[in-house]
1. Please indicate, with yes or no, whether at least one residue in region 102-120 is of a type in the set (K, R) and surrounded by 13 or more Cβ atoms within 10 Å (Cβ to Cβ).
2. Is it the case that some residue within region 122-129 is on the phi > 0 side of the Ramachandran plot, modelled with pLDDT of 95 or more and either touching a helix residue (DSSP H, G or I) at 6+ places or on another chain (Cβ under 9 Å) or open to solvent by 70 Å² or more (accessible area, probe 1.4 Å) (or both)?
3. Determine whether region 146-157 contains at least one residue that is farther than 22 Å from T104 by Cα and at pLDDT 95 or above.
4. Scan region 104-144 for residues that are within 23 Å of L78 (Cα to Cα), of a type in the set (A, V, I, L, M) and without any contact (Cβ under 8 Å) to a residue 40 or more places away in the chain and jot them down.
5. Residue by residue through region 141-169, note down the ones that are touching a helix residue (DSSP H, G or I) at 6+ places or on another chain (Cβ under 6 Å) and either open to solvent by 50 Å² or more (accessible area, probe 1.4 Å) or not in a loop (DSSP other than H, G, I, E, B) (or both).
6. Kindly indicate whether any position in region 166-173 is over 16 Å from I49 (Cα atoms) and among the aromatic types (F, W, Y).
7. Wholly within region 1-107, which helices (runs of 4 or more DSSP H) include no fewer than the required count, namely at least 3 residues that are at pLDDT below 95?
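The values are calculated or read from the model by the stated rules, or taken from the named source; none is laboratory data. Being a predicted model, the structure only gives us computed values, none of them experimental. Heads up, the Cβs are rebuilt from the backbone with ideal geometry, glycines too, and the neighbour counts pull from every protein chain shown. Heads up: the accessible areas ignore ligands, DNA and RNA and are worked out on the full protein's heavy atoms, side chains in. Shrake-Rupley method; radii C 1.70, N 1.55, O 1.52, S 1.80 Å.
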Amino acid sequence: MSTSDSKPPIFDKIGFKDRGILAKAQQLLVGEQQQQTDTMSQEQTFIAIKPDGVQRGLIGEIILRFERRGYKLVAIKLMTASKEHLEKHYSDLSDKPFFKGLVTYMASGPVCAMVWEGKEVVKTGRQLLGATNPLASQPGTIRGDFAIDVGRNVCHGSDAVESAKKEIALWFDEKEVQSWKSAQHDWIYEK
C-alpha cells in the first residue's frame with residue numbers, strides 16, 4: 001500500500017474496531033516510510049576547515065554559519081592528515097604546479113573535518129564558503145569575511161554530490177557519520 005487512502009483486502013474480513021486499528025497502523029507506517037524517504041533524500045557534503053582557519057580560531061564561526069542556515073552536523077573531527085591521505089584527497093589536482101605546496105600546507109597542522117547534511121547542502125555550502133579566490137568572494141561569505149589569499153582560503157567544500165561521497169568516505173568511517181533528526185527539522189523544512 002503506497003497511500004493511506006487504499007484499504008488492504010483484509011478490511012472485508014474484520015470488524016469495525018479492528019479496521020480502525022489497522023487503518024491507524026497503516027497511516028503510521030506510511031508516515032514512517034515518508035520520514036525515512038525524507039531523511040534519505042538529505043544530501044551530505046564534506047567541509048574542512050584548513051590549518052589557517054583552525055589556527056585563527058574560526059571553527060566556531062564556520063559551524064555557526066552552517067547551523068544558522070539550517071544544516072545539520074552529522075560528523076566532526078580534528079586531525080592532522082598524512083601526506084598520503086592529502087595526496088589522495090587532492091588527487092584531481094596532482095598535475096597542477098601548486099599541488100606539492102598544497103599538500104605540504106594542509107599537512108602542516110590540524111584540519112577540522114566535517115560532514116553536513118541538508119537540502120542541496122553541496123551547492124549552498126559552496127555559496128556559504130564563497131569563491132575559491134577570497135578576493136572574488138562576496139562579503140558575508142566565509143572566505144569573503146576571513147581570507148585574502150587563495151593559498152590561505154580557510155576552508156574546503158565538496159564541489160559536487162559525487163565528490164562529497166568520495167571525500168566523506170576518505171575522511172570518515174561509516175560509523176562516525178551520525179544519523180539523527182534535529183529538533184529544528186520541522187521548523188526548517190516544510191515537508
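1. In the first step, residues of region 102-120 are kept if they are of a type in the set (K, R); the result is 119.
Subset that is surrounded by 13 or more Cβ atoms within 10 Å (Cβ to Cβ): 119.
So far as region 102-120 goes, yes, one or more of its residues are of a type in the set (K, R) and surrounded by 13 or more Cβ atoms within 10 Å (Cβ to Cβ).
2. So in region 122-129, the residues on the phi > 0 side of the Ramachandran plot come out as none.
Among the residues of region 122-129, not one is on the phi > 0 side of the Ramachandran plot, modelled with pLDDT of 95 or more and either touching a helix residue (DSSP H, G or I) at 6+ places or on another chain (Cβ under 9 Å) or open to solvent by 70 Å² or more (accessible area, probe 1.4 Å) (or both), which makes the answer no.
3. Quick first cut of region 146-157, residues farther than 22 Å from T104 by Cα only: none.
Looking through region 146-157, none of the residues is farther than 22 Å from T104 by Cα and at pLDDT 95 or above.
4. The answer is A107, and nothing else.
5. Let us first name the residues in region 141-169 that are touching a helix residue (DSSP H, G or I) at 6+ places or on another chain (Cβ under 6 Å), namely 142-143, 147-148, 152-155, 157-158, 161, 164.
Once the filter is applied, which keeps residues that are touching a helix residue (DSSP H, G or I) at 6+ places or on another chain (Cβ under 6 Å) and either open to solvent by 50 Å² or more (accessible area, probe 1.4 Å) or not in a loop (DSSP other than H, G, I, E, B) (or both), region 141-169 yields I142, R143, I148, R152, C155, G157, V161, A164.
6. No: region 166-173 contains no residue that is over 16 Å from I49 (Cα atoms) and among the aromatic types (F, W, Y).
7. Values: elements: 16-40, 51-55, 59-69, 83-89, 99-106.
So the answer is 16-40.
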